[in-house]
Amino acid sequence: MGYHRLMARTANHDERRAQILGGVRTVATSSGIGRVTVARAAEAAGVSVGLVQHYYSSKEELLIDTFASVRADVFTRIDAEIARAEKRGSRIEQMLVDSVGQLLPIGARKRDEVYVAHAFAGLALEDPTLRGHLRAANEQLQQRVATGLTNGKECGEVDPSLDVDEAAYALVALTDGLAARLLVHAGAAQKKWALDSLRARARELCPGECAHRRVNSGEALHPKMQGLNVAGRH
């Protein structure tokens with residue numbers, strides 16, 4: 001019974017934190033991240049200020065955990081996209097597009113997430129602690145892309161001479177830039193241009209044929225692509 005009570009308390013704490021972070025997201029996306037306060041987050045979450053302060057001693061802690069939760073949600077979607085792509089027998093080229101494409105603000109949910117991430121990045125320019133968390137998250141994403149490119153070398157899609165770290169850095173930077181532009185203007189044409197830009201870059205990175213592809217086979221065609229879809233939270 002003690003174990004079950006402990007698990008129940010842990011689950012309850014996780015639910016409370018998620019509820020509070022949801023309140024932060026609501027305030028940030030409706031009023032701007034600069035308007036986030038403990039009191040406003042509590043009101044949006046439907047909890048007391050005291051409860052928020054029980055879990056978070058400062059606004060900075062609130063923002064760090066909110067950013068981490070946004071990135072965790074993005075990585076969860078990336079995992080799902082890659083799993084579906086593997087079942088379809090897609091090329092690593094397509095998996096890269098599907099993965100980094102989750103960072104584009106196309107659709108209401110992703111737009112809110114991208115806004116929070118980019119607004120957090122703006123605050124991080126003036127705050128070393130926030131900047132450290134942002135840098136770690138960026139490095140994690142770049143490493144996942146680099147792993148995918150390394151797997152592409154093994155299957156033959158990616159040129160063996162490619163510097164995967166440099167290529168991953170550039171692809172993530174391209175995606176961030178496109179996302180920033182879409183936050184300002186996200187018309188149908190702009191969304192198409194952004195996706196076309198990602199597809200073109202992925203095509204350049206993956207010009208070869210995949211040796212793992214098997215026609216009319218039900219096997220998982222990219223078993224080593226799993227390195228790209230190991231989700232993590234900072």
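Values quoted throughout were computed directly from the atomic coordinates according to the rules given, and no laboratory measurement underlies them. These numbers were taken from a predicted model, which means no experiment stands behind them. Glycine also receives a Cβ, built like all others from the backbone with ideal geometry; neighbour counts cover every protein chain displayed.
Per the listing ARG84, ARG135, ARG181, ARG111, the residue uniquely farther than 25 Å from GLY32 by Cβ and in a helix (DSSP H, G or I) is ARG84. So, in region 95-108, exactly how many residues are crowded, with 17+ Cβ neighbours inside 10 Å and either of a type in the set (Phe, Trp, Tyr) or assigned to a helix (DSSP H, G or I) (or both)? Result for region 95-108: 9. Are there any pairs with C-beta distances below 7 angstrom linking a residue in region 72-95 that is among the hydroxyl-bearing types (Ser, Thr, Tyr) to a residue that is outside any helix (DSSP H, G or I), with the two at least 6 apart or on different chains, and if so which? As it stands, the answer is THR76/ALA231, since those pairs meet every condition given.
Kindly indicate the residue of region 141-178 that is in contact with a Lys or Arg (Cβ under 7 Å, 6 or more places away or on another chain) and in a helix (DSSP H, G or I) and also surrounded by the most Cβ atoms within 10 Å (Cβ to Cβ) among those meeting that condition. My answer is LEU171. The set of residues from region 123-138 being without any contact (Cβ under 8 Å) to a residue 40 or more places away in the chain and either surrounded by 14 or more Cβ atoms within 10 Å (Cβ to Cβ) or under 19 Å from GLU166 (Cα atoms) (or both) comprises ALA124, ARG131, ARG135, ASN138.
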